[in-house]
There are 2 protein chains.
Amino acid sequence: MSVSSAGLRARKRQDTHARLEEAAVALVLRDGLEQTTIQAICERADVSPRTFFNYFDCKDSAILGMQQPALLDEHAQEFLRDVVHADAITAVLALLQSMFDLRSARPQIREDRLELIRRHPQLLVNQLAKVTQAHGQVAQAVQVLLRRDPRFAGHSDADLADLAEFTLGSCVVALRIATREVVAAPDDLDSDHIQQRAHWLVQQLVKEIDA
Amino acid sequence: MSVSSAGLRARKRQDTHARLEEAAVALVLRDGLEQTTIQAICERADVSPRTFFNYFDCKDSAILGMQQPALLDEHAQEFLRDVVHADAITAVLALLQSMFDLRSARPQIREDRLELIRRHPQLLVNQLAKVTQAHGQVAQAVQVLLRRDPRFAGHSDADLADLAEFTLGSCVVALRIATREVVAAPDDLDSDHIQQRAHWLVQQLVKEIDA
DNA sequence: GCTATTGTTGCAGTCAGTGCAAGTTTGCAC
DNA sequence: GTGCAAACTTGCACTGACTGCAACAATAGC
């Protein structure tokens, strides 16, 4: 079962996907976020502008290599079904990192993406915001996770739903800030560092509340 | 100093502003969010489409009556400079509510807005997200607030900046969820209820972290 | 090879949002 | 009230994201 046995169609799809990602990253790095049009990306990737939207739902998704929203839902349910973590925060942070994994791409693309995040923090804000919006399916997966925790046994479904959404939202914010911070210091790029920093942020929040 | 003494120019501006808000709310309520175009809003408000952008930066802002982002910054600094609250979370929640005050409009508009939030939760997500993005000035105001708290005296500026942004982000999420929840139960519409609910969410988050 | 499925593309179109320049209205000082 | 400067409105032309549709091309599986 070598890679080439995956079928011609599937390989072409992967290839086009990769070319679009590469083109998006390279052009935005060279010309800037606003200056790069989808049309330009398509020319470089040698596909029709219309085809672009068969692979990504918007420009930002191509730049950061995010999957389509619908796929995020499935991924979330699958991920949280099995994994057992120390606490819900850790589990959700891990989920988010697995959705939006800066390590997954080829080294060159990865380095370029980090630079793009440095130059355009807005990218991270916009893309991570999508996780929150994604039909609430992700939040629902978190709710299932919380229900397994005996400390939340007494809560109503409505309370648990709100709390799940809030947990997800807060983790998104923490991960965004932590990523930006850690990315700014190139030597420290490490998913564990990002996670630690995000976790630290949540812990500090505790201190603000009961004064 | 009656209202009419405010100058003709200022009064006309207020009037146009109000007409645009009314038109946006009425049309979205009647036709739906996607179906309502800026052009239609302008026709109803009897102004040119080009003029719309002298008052709002996008469609959603008109629908919910949000001020321009630049004004939000000033407001935040002013608000947090004087007010002293029990804790930072409470202060930030109060700030956000003052920025985005569902009570401020005329009764009819207000009721319609609540219905629109019920029908299109996305409105709240998108608009409150802007607060986070607004040039970081709002986050900076929160940082000043945190620095006044002796419990955070030992932190570096970088830590404090991150923590301020995280605090702001979490409060935005909490307020969004709490607003949607409270708005869904029409009898309970009360800013205090929203604030209590948001505060409760943050408190619950604490319980998730140290398992 | 034949056929159903899947992917690509061009086309035509809607709509948000921007810059510019010309025209109009208001504020204000004299 | 005259005249000038500032603020506001408007039309125009434009860019660019994004969508639906229908024709065409390529692949998979038999």
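Quick check on segment B:111-121. Is at least one of its residues in a helix (DSSP H, G or I), within 14 Å of another protein chain (Cβ to nearest Cβ) and open to solvent by 10 Å² or more (accessible area, probe 1.4 Å)? Walk me through how you get there before you give the answer.
Taking segment B:111-121 and keeping what is in a helix (DSSP H, G or I), we get B:111-119, B:121.
Among the residues that remain, those that are also within 14 Å of another protein chain (Cβ to nearest Cβ) are: B:121.
Next cut, open to solvent by 10 Å² or more (accessible area, probe 1.4 Å) only: B:121.
Within segment B:111-121 (the criterion being in a helix (DSSP H, G or I), within 14 Å of another protein chain (Cβ to nearest Cβ) and open to solvent by 10 Å² or more (accessible area, probe 1.4 Å)), the answer is yes, since at least one residue qualifies.
Please give the number of the condition A:Thr179 fails out of (1) within 10 Å of chain B (Cβ to nearest Cβ); (2) of a type in the set (Val, Ile, Thr); (3) in contact (Cβ under 8 Å) with a residue 60 or more places away in the chain.
Every listed condition holds for A:Thr179 apart from (1).
Could we say that B:Val92 is away from DNA strand C (no atom under 13 Å from the Cβ), of a type in the set (Val, Ile, Thr) and farther than 26 Å from B:Val138 by Cα here?
On the way: away from DNA strand C (no atom under 13 Å from the Cβ): yes; of a type in the set (Val, Ile, Thr): yes; farther than 26 Å from B:Val138 by Cα: no.
Answer is no for this residue.
For segment A:55-76, does any single residue satisfy the condition of being within 12 Å of DNA strand D (Cβ to nearest atom), touching a Pro at 6+ places or on another chain (Cβ under 8 Å) and either within 14 Å of another protein chain (Cβ to nearest Cβ) or more than 30 Å from B:Leu201 (Cα to Cα) (or both)?
Yes: one or more hits.
Taking segment A:122-150 only, how many residues are assigned to a helix (DSSP H, G or I), of a type in the set (D, E, K, R) and at pLDDT below 85?
Going through segment A:122-150 one residue at a time, the tally reaches 1.
Kindly check whether there is at least one residue in segment B:68-84 that is away from DNA strand C (no atom under 11 Å from the Cβ), among the acidic types (Asp, Glu) and at pLDDT 85 or above.
No, there is no match, as no residue in segment B:68-84 is away from DNA strand C (no atom under 11 Å from the Cβ), among the acidic types (Asp, Glu) and at pLDDT 85 or above.
Filtering segment A:28-54 down to residues that are within 13 Å of DNA strand D (Cβ to nearest atom) and open to solvent by less than 10 Å² (accessible area, probe 1.4 Å), which residue is farthest from the other protein chains (Cβ to nearest Cβ)?
Top of the filtered list is A:Cys42.
Any residue in segment A:166-181 that is closer than 22 Å to B:Pro121 by Cβ, assigned by TED's automatic domain parsing to the domain that holds A:His75 and not in a helix (DSSP H, G or I)? Quick ask: steps written out before the conclusion?
Going through segment A:166-181, the residues closer than 22 Å to B:Pro121 by Cβ turn out to be A:166-173, A:176.
Imposing the further condition that a residue be assigned by TED's automatic domain parsing to the domain that holds A:His75 reduces the set to A:166-173, A:176.
Next, only the ones that are not in a helix (DSSP H, G or I) stay: none.
Within segment A:166-181 (the criterion being closer than 22 Å to B:Pro121 by Cβ, assigned by TED's automatic domain parsing to the domain that holds A:His75 and not in a helix (DSSP H, G or I)), the answer is no, since none of the residues qualifies.
List every residue pair whose Cβ atoms lie under 9 Å apart, where the two residues are 6 or more positions apart in sequence or sit on different chains, the first residue falls within segment B:42-57 and is assigned by TED's automatic domain parsing to the domain that holds B:Ala10, and the second residue, located anywhere, is of a type in the set (Phe, Trp, Tyr) and within 8 Å of DNA strand D (Cβ to nearest atom).
Listed pairs, sorted by first residue: B:Val47/B:Tyr55.
The values are calculated or read from the model by the stated rules, or taken from the named source; none is laboratory data. Just so it is clear, the structure is predicted and the values come from calculations on it, not from any experiment. Glycine also receives a Cβ, built like all others from the backbone with ideal geometry; neighbour counts cover every protein chain displayed. SASA here: full protein model, heavy atoms, side chains in, ligands and nucleic acids out. Shrake-Rupley method; radii C 1.70, N 1.55, O 1.52, S 1.80 Å.
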